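Read-outs: derived from the displayed coordinates by stated rules, not from any lab. Everything numeric in this text was worked out from a predicted model, so none of it was measured. Glycine gets a Cβ as well: all are built from the backbone with ideal geometry, and neighbour counts include every protein chain shown.
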Ligand code: SF4
């Protein structure tokens, strides 16, 4: 296994961590707020307009005494029931009172008391949900029964009864309304809170000694932020409408204190002789309710909230543009005779100069994650893509299926498969390729299995969809597939749910699922990483047998050189987004030409024979550079023990002097002649030439350095 060279900071939980791309990962609560503000509210014109309206209304109502032209009780008997005039911009009511002044004077009370409903309702509902989710079944049952009783009560009758008992105490009435609404909010939030309580990081927090309250506040509440905020926005709008309704039927603030509902009630009595009077108050109430709803809708309409890894509509448009650009480039190349590749034999996968990039990748301006990757996979063979995390292996593999994550697209090159360039194939056409011609096994088998359905249902449904079989025929085929992947008790496993089987069994089922459409190529993204050693060996042996029996080919993504040695016929070593060495597995493992391959082997305990096991395994100092920091010259230079001045220039992938492989190193032959070794001791990168991380596209001229690395410099 390739060692991790950069251990996580001990205080990662406190300080935050970093993503694979090097961006800081905010804490859950902060991340939730960032998502809310950046992607949803500000991305929705309606929500932005609503926010502006609410902010203006709050500011205007709070500062009303400073700027209102009239007091709410001032009467102008010369302008009773008038429309808009220079003196009264929104007209007057039946007593000659200024409508504009009364609307804004009433706004603060309406908004404030609606907030009481929000705070009581959402606060109580959230607290009850977190308590029920964290305190065990008996507490949950008790709280659920109480909330069910609350939901069965006639809310309107209770509100009217309260008003009858205590008078029109609006804050109290709105608080009781909040209590009644909390039962519904509890039901909405409970399921999510229980799901969060079952997460592994909550178990880890328990192991760390965090109590129920700490877990609820630190780990559950941030995860509920989205739902809570959405509920709050909707309850705010409902509270305003109910309050206006109460005032309309005479249970609002006492006269002459203005309220929106009371003003609408007054206007309704003059709907024939002064219809305008209804307009200003009604419009303000409607706009305020619409604003709250727009904000709630925007917060609730998270792009792919259920599946954040799936591309949004904008991502799909971007990807379609990138596909069209690649197709156009391929057509141009064909017309000019520069295509330089043929479609290859049927069943052979030929990847040529593949590039993958992010964001504006379709226009060529995004950061590139993979550049110039080429390889072939013959039928019945296994190609290993190997390298550290962040080297572009998974991006390369997923691009074969058109399954790159949201915001990432293939930006150039060709993926030639059965006469078709998959890099230039629209997503809808890729659907006929996925599953039927090329299938995927992921690192985490549970990702391929839906916990809601039995293994049998999922296998049968997939077989029927991909192969058009009838139900009983598909069931028999599912049984046969499970036996083929080495499951002895196939009949019983068909009836089980994914959570009832072990990880190794789940991976076998995932392999069976991948084989449902009889694919000719299997993309296996670290299929054994999550399994223990014994099961790893079983799954590798299964894949080997499948390749032999079916003639299927496999692209195996792995960082484990043991897996490469075990199953791969060919290997492509990737570093910082491109291939640094490829060729036959035996040749590369026995006689590596690139220092990075050499370093990986030196760091792998499996690659060292017991009798020659060094006292200390080698390490590779430093980290894989971020794509935006790739140097103009050799991308491995900042970590390479053999770096020299020639390494500051771009390095092409050239035929290796030994065997039939290719290698991207200016000193490959020179070092091979000298019999190079990757030193286990902490040797600074570029021991021939101090190579600081090269981030400039035009490196400084380096001093001439011609000496050759001695085998044992240390
Ligand atoms: S010797 Fe130079 S070209 Fe070769 S891997 Fe090291 S830095 Fe890169």
Heads up, the stretch 241-288 by the C-alpha gyration tensor (a ≥ b ≥ c square roots of eigenvalues; a/c under 1.5 rounded, else a/b over b/c prolate, else oblate) looks oblate
To check my understanding: the extent here is largest minus smallest coordinate of the Cα atoms along each principal axis. What are those three numbers for the stretch 55-135, in Å, largest first? 67, 23, 17
Taking a crude spin-label model, label points 7 Å out from Cα along the C-beta direction, the residue 670 to residue 195 distance in nm is 5.8
Let a ≥ b ≥ c be the square roots of the eigenvalues of the Cα gyration tensor of the stretch 377-421; is it rounded (a/c under 1.5), or, if not, prolate (a/b larger than b/c) or oblate? oblate
Going highest first, how would you order 550-560, 582-592, 199-209 by mean Cβ packing within 10 Å? 550-560, 582-592, 199-209
Expressed in nanometres to one decimal, the distance between label points 7 Å along Cα→Cβ at residue 151 and residue 629 is 5.2
Full-extension gain in nm, residue 457 to residue 135, via 0.36 nm per residue minus C-alpha separation: 112.4 nm
Could you tell me the calculated FRET efficiency between residue 584 and residue 537, based on Cβ-Cβ distance and R0 = 25 angstrom, to the nearest 0.05? 0.65
Ranked highest first by the average count of other Cβ atoms within 10 Å around their residues, in what order do 66-75, 263-272, 374-383 fall? 374-383, 263-272, 66-75
Using 0.36 nm per residue of separation minus the Cα-Cα distance, give me the extension gain between residue 544 and residue 286 in nm, one decimal. 86.2 nm
Counting only backbone N atoms under 17 Å from a point 7 Å out along Cα-to-Cβ of residue 529, the residues of the stretch 431-453 in range are 440-448
Computed lengthening from residue 334 to residue 76, 0.36 nm per intervening residue step minus Cα-Cα distance: 84.5 nm
Mind jotting down the distance between the C-alpha centroids of the stretch 41-115 and the stretch 475-507, whole Å? 68
Can you report the principal axis dimensions of the stretch 441-567 using only the alpha carbons, biggest first, rounded to whole angstrom? 42, 30, 23
Virtual spin-label span in nm between residue 94 and residue 168, 7 Å along Cα→Cβ: 1.5
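Residue 591 to residue 353: FRET efficiency via 1/(1 + (r/R0)^6), r the Cβ-Cβ distance, R0 30 Å, to the nearest 0.05?
0.65
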Check: C-alpha center the stretch 516-575 vs C-alpha center the stretch 170-248, spacing in Å is 46
Could you pull out which residues in the stretch 224-243 have an amide N less than 19 Å from a spot 7 Å beyond the Cα of residue 158, following the Cα-Cβ vector? 232, 235-243
Which of the peptides 433-441, 570-578, 327-335 is most tightly packed, and how do the rest follow, judged by the mean count of other Cβ atoms within 10 Å per residue? 570-578, 433-441, 327-335
In terms of the alpha carbon gyration tensor, root eigenvalues a ≥ b ≥ c, rounded if a/c is under 1.5 and otherwise prolate when a/b exceeds b/c or oblate, the stretch 494-566 is oblate
Calculate the radius of gyration of the Cα atoms of the stretch 38-300 to one decimal place, then report Dmax, the largest Cα-Cα distance, as a whole number, both in Å. 21.9, 77
